[in-house]
Amino acid sequence: MDAKQKRLQGLLRQMARVEGRLVGMRRQSERLTAVRLILFFLGGAGSGVVFLTLGAAVWAATFLLFFVPFAVAVAVHRRLEHSLRRHETWLQIKQWQVARMRLDWAALPLPTVGDPPADHPFARDFDLLGARSLHHLLQTAVSHEGSQRLADWLLEPAPDLATTQRRQAQVRELQAK
């Protein structure tokens, strides 16, 4: 098995593990939603009963008894939902990596940069920008500006050799870590 296949298999194993974790997290989120709802209605009903039977002075003290468990459930649920969103984002990124490895164009997000200028000497010949282009394949930027910078680098007719060598050295340094 070559390095690309090993990397692909590793990504697929990681994705399967995260998908399994997401199933459990979604189940837990549904349970916490139910717990929050029950605590809310029990707290409201309990507070109302205490207020009507024992008065406002006792109600203020017992209100905390109902409010604290609800507040804890809300805090735990929010933390779980935040973790759920992070896992889903991570999974989406890995799915895009697999799509890039397989050249599955339909699974990749469309590029945010438009078509190349009509007067560019080689952009159309080499499919540098647009759908199913080199830019589409390489683009992993999270901002439009980052995507535009990659497009500018690809469209540069005569890149500066020193700058290119410096960037290549930086990439090699990152690969070593």
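The values are calculated or read from the model by the stated rules, or taken from the named source; none is laboratory data. Because the structure is a prediction, the values reported are computed rather than measured. In this analysis, Cβ positions are derived from the backbone assuming ideal geometry, glycine residues included, and neighbour counts consider all displayed protein chains. Accessible surface is based on the protein model in full, side chains and every heavy atom, while ligands, DNA and RNA are left aside. Shrake-Rupley method; radii C 1.70, N 1.55, O 1.52, S 1.80 Å.
Quick notes on this structure:
- Modelled label positions at residue 61 and residue 110, each set 7 Å beyond Cα in the direction of Cβ, lie 6.5 nm from each other.
- Mean projected area of the convex hull spanned by the Cα atoms of segment 106-177, taken over all viewing directions: 5.9 nm².
- These residues, 13, 85, 100, go from largest to smallest accessible area, 1.4 Å probe, as 13, 85, 100.
- Directionally averaged projected area (convex hull, Cα atoms, segment 1-129), nm²: 13.6 nm²
- For the pair residue 122 and residue 143 in one chain, pulling the backbone fully straight at 0.36 nm per residue adds 5.0 nm over the alpha carbon distance.
- Full-extension gain in nm, residue 158 to residue 7, via 0.36 nm per residue minus C-alpha separation: 51.0 nm
- Potential lengthening of the chain between residue 52 and residue 16 amounts to 7.6 nm, from the contour at 0.36 nm per residue minus the alpha-carbon distance.
- Of the residues 15, 63, 112, the one whose Cα sits farthest towards the positive end of the charge dipole of the chain is 63 (charges of +1 on Lys and Arg Cβ, -1 on Asp and Glu Cβ, taken about the Cα centre).
- Long hydrophobic helices in the chain: the complete DSSP H runs spanning 18 Å or more by Cα along their own axis with mean Kyte-Doolittle hydropathy of at least -1.0 are 3-54, 56-102, 161-176.
- Prolate/oblate/rounded label for segment 6-58 (Cα gyration tensor, a/c 1.5): prolate
- Helix-only [θ]222 nm of the chain, DSSP H runs n ≥ 4, -39500 (n - 2.57) each, per residue, nearest 500: -26500 deg cm²/dmol
- If a spin label sat at a point 7 angstrom from the Cα of residue 42 along the line to its beta carbon, the backbone N atoms of segment 64-101 nearer than 18 Å would be those of 64-77.
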